Amino acid sequence: MRLLFSFCLLYVSHGGVVKAAEVLRPRGVPLSKASFYDPTRDFHCLDGSGAIPFTYVNDDYCDCRDGSDEPGTSACPNGFFSCPNPGHIPLSIPSSRVNDGICDCCDASDEYASDANCVDTCRELGRAAREEAAKQRQEKMKGFELRKSMIEEGRKRKKEAEVKIEELKTKREEAEKIKSEKEEIKKIAEEPEKQALEQYNAIEAEKKAQKEAEQKAKDEAEAREAFTHLDNDGDGLLTVAELQSRQTFDTNRDGEVSEEEAKFYLKLEESMDLDSFITSGWQMVRPVYKYDRRMFVPPTQEPPSDGLEPPPIELEEDAEAPGDEDTELEHLDPELDPEDEDEEEEEEEEEEGLEDDFDANGDAEDTQNEEEEPKYDEETQKLVDTANAARAEYDEADREVRDLVRELRSLEETQEKDYGPEEEFRILEGNCFEYSDREYIYRLCPFDKAIQKPKAGHGETRLGQWGEWSGPETDRYSRMMYSNGQACWNGPTRSADVRLTCGTETRLMSVTEPNRCEYLFVMSTPAVCSKPEDASGDEGFEHSHSEL
């Protein structure tokens with residue numbers, strides 16, 4: 001049985017009224033290829049492999065290698081059957097599905113010779129599809145209107161930034177002039193200060209050297225005095241035996257001064273002369289010597305009740321007080337120094353004076369700092385204060401210049417960024433958007449960075465820094481690339497590919513990791529919404545065919 005022709009109905013609309021137009025073409029042939037099937041001449045296979053009589057078309061026998069001669073039968077395994085689907089969208093299916101008992105075309109045209117009980121559902125499906133399409137068009141139109149507002153705001157911000165840059169440049173020039181003036185004033189003030197400080201430091205260094213020399217002489221005299229006191233036989237040498245005669249050198253408090261204990265103070269030598277004692281020995285002997293001298297200070301006695309004072313006790317410098325020189329000294333305070341008594345009294349007086357400077361709440365009065373003596377003499381201090389004031393003014397002027405330069409550089413870098421052909425993406429900068437899954441929180445800050453934070457734990461992982469627009473040439477602003485993130489363990493550095501889709505709000509819709517350390521963000525935003533092609537509201541769109 002040869003299946004040659006079928007009258008196919010093409011539904012078109014005009015003014016809301018659906019009309020049918022008869023187009024004569026073989027069954028299964030799409031309207032776009034109807035011109036190749038001319039019944040008045042032989043049929044040429046569409047792949048150019050040969051020509052056959054037109055009566056062989058749809059004869060249920062595959063003559064052409066590309067199966068183009070059997071569009072309406074299942075004879076050719078590589079052929080295709082076109083479902084007209086009036087009222088809905090035409091569909092192309094493999095010709096092997098023709099008359100297989102399964103309804104593939106909504107108009108049931110693929111099961112014309114089978115026992116399948118197919119029902120034409122194209123009108124219902126078309127109505128639902130048109131409703132969904134209308135909804136999508138409405139969403140796209142809303143997104144497009146939002147995009148226009150984003151463009152307007154972006155251009156406004158760009159213009160404001162340009163004005164701000166000019167203002168900052170003017171302020172920077174003025175600030176640099178002020179800085180130069182302050183620098184000159186500072187140099188003028190620092191010159192006399194430098195000379196005064198050099199003179200002051202020279203005088204102070206001389207005073208210090210003199211004081212050190214006096215202290216050295218005092219220490220040396222004290223050492224000589226101690227050496228003379230400890231050198232019992234006056235032979236100019238301190239010996240082990242002479243130190244053993246002093247109970248103070250009994251460091252372990254066992255009742256006697258051992259040879260080892262005595263040698264410890266003699267630098268492990270048998271004896272020590274005066275020069276060695278002054279240069280090194282006195283430093284070790286001094287604490288115990290002071291302690292030893294403390295023993296012979298006569299106690300202070302209270303005057304008798306009759307008002308008569310006892311006669312003073314006079315001791316020779318080298319004389320020993322009554323009593324046993326070897327008496328145990330554990331009851332004495334080794335930290336006390338008879339020569340420091342006056343200093344202790346002075347310290348107590350100073351502490352009493354400081355207590356007077358505190359108020360009832362225990363806070364120091366403000367006048368305490370004011371009463372502190374100045375470090376320099378009055379004339380030098382005046383020069384230092386003048387130079388300090390000049391330096392402070394210069395530092396303030398320099399800080400003002402640096403702040404302006406930093407702000408200006410930031411604005412200029414912003415102006416150099418590509419925010420889209422109409423500045424529609426500019427308002428996204430400075431905002432961050434988050435998406436959460438079961439384990440992580442992802443954050444995308446457009447034109448800045450992409451990061452990942454674990455829900456359980458601390459810290460964050462940098463997935464990438466803003467790199468460039470990475471969409472195809474025909475739609476360059478549909479993808480953003482964030483690269484140079486933290487390196488994976490034994491792997492590449494992380495990166496994030498952000499794909500933008502049209503939506504009425506800017507938000508992250510999903511985040512996946514299709515490849516190791518390569519993340520895919522999907523974000524909707526009105527910035528990529530274009531005006532729908534059918535936004536004019538032509539009712540005829542409902543019944544138009546895409547193949548037209």
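What FRET efficiency comes out for the pair Gln283/Asn252, r = Cβ-Cβ distance, R0 = 22 Å, nearest 0.05? The calculated FRET efficiency here is 0.55. Kindly provide log₁₀ I(q)/I(0) values, in the same order as q = 0.15, 0.21, 0.32 Å⁻¹, from the Debye equation applied to equal alpha-carbon scatterers of segment 163-214. Listed by q, the Debye log ratios stand at -0.62, -0.78, -1.03. Within the full protein context, the accessible area of Lys135 is estimated at about 120 Å² for a probe radius of 1.4 Å. Using only the alpha-carbon atoms of segment 30-72 as identical scatterers, what base-10 log of I(q)/I(0) does the Debye formula give at q = 0.27, 0.34 Å⁻¹? Once normalised to I(0) and log-transformed, intensities are -1.00, -1.45. Of the trypsin sites (Lys or Arg not before Pro) found in segment 222-273, the ones in coil according to DSSP and having at most 14 other Cβ atoms within 10 Å of their Cβ are Arg253, Lys267.
Working from label points 7 Å from Cα in the Cα-to-Cβ sense, the Lys207 to Ser32 distance is 10.2 nm. Please work out whether segment 138-189 counts as rounded, prolate or oblate from its C-alpha gyration tensor, where a ≥ b ≥ c are the square roots of the eigenvalues and a/c under 1.5 means rounded, while otherwise a/b larger than b/c means prolate and anything else oblate? The shape class here is prolate. Note the full-extension length gain between Glu429 and Phe54 as 0.36 nm times their separation in residues minus their Cα-Cα distance, in nm to one decimal. Residue separation times 0.36 nm, minus the Cα-Cα distance, leaves 128.5 nm. Return the inverse of the average 1/r over all pairs of distinct C-alpha atoms in segment 191-271, which is the Kirkwood hydrodynamic radius, in Å to one decimal. Taking the inverse mean of 1/r over all distinct Cα pairs, segment 191-271 comes out at 15.9 Å.
Segment Lys216..Glu378, full-extension length gain: 55.2 nm, with 0.36 nm per residue of separation and the alpha-carbon distance subtracted. Binning all Cα-Cα separations of segment 35-107 at 10 Å, short to long from zero, yields these whole-percent fractions: 21, 47, 27, 5. Calculate the length of the line joining the C-alpha centroid of segment 39-72 to that of segment 153-203, in whole Å. Cα centroid to Cα centroid, the span is 89 Å. Of Cys62, Cys445, the residue with the largest accessible area leads and the full order is Cys62, Cys445 (1.4 Å probe). Placing pseudo-labels 7 Å out from each Cα toward the beta carbon at Leu274 and Ala161 gives an inter-label distance of 8.8 nm. Between Ile102 and Asp42, residue separation times 0.36 nm minus the direct Cα-Cα distance comes to 18.3 nm. Rounded to 0.05, the FRET efficiency of the Ser410 and Glu184 pair, given R0 = 22 Å and the Cβ-Cβ distance, is 0.15. Accessible surface area normalised per residue over segment 390-515 is 57 Å², counting heavy atoms of protein chains with a 1.4 Å rolling probe. Sorting Leu268, Leu24, Leu274, Leu230 on solvent-accessible area from highest to lowest, probe radius 1.4 Å, gives Leu268, Leu24, Leu274, Leu230. Size of segment 449-513 from its Cα atoms: along the principal axes, largest to smallest, the extents are 39, 26, 17 Å.
For segment 207-246, the spread of Cα coordinates along the three principal axes comes to 43, 16, 11 Å, biggest extent given first. Quick check: pseudo-label points 7 Å beyond the Cα along Cα→Cβ at Asp403 and Lys148, how many nm apart are they? The modelled label-to-label distance comes out at 4.3 nm.
Between the C-alpha center of segment 231-280 and that of segment 427-488 there is a gap of 80 Å.
The values are calculated or read from the model by the stated rules, or taken from the named source; none is laboratory data. Quick caveat, the model's predicted, so the values are computed rather than measured. Reconstructed Cβ throughout: ideal geometry from the backbone, glycine too, with neighbour counts over all protein chains shown. Note: areas computed on protein heavy atoms with side chains; ligands, DNA, RNA excluded. Shrake-Rupley method; radii C 1.70, N 1.55, O 1.52, S 1.80 Å.
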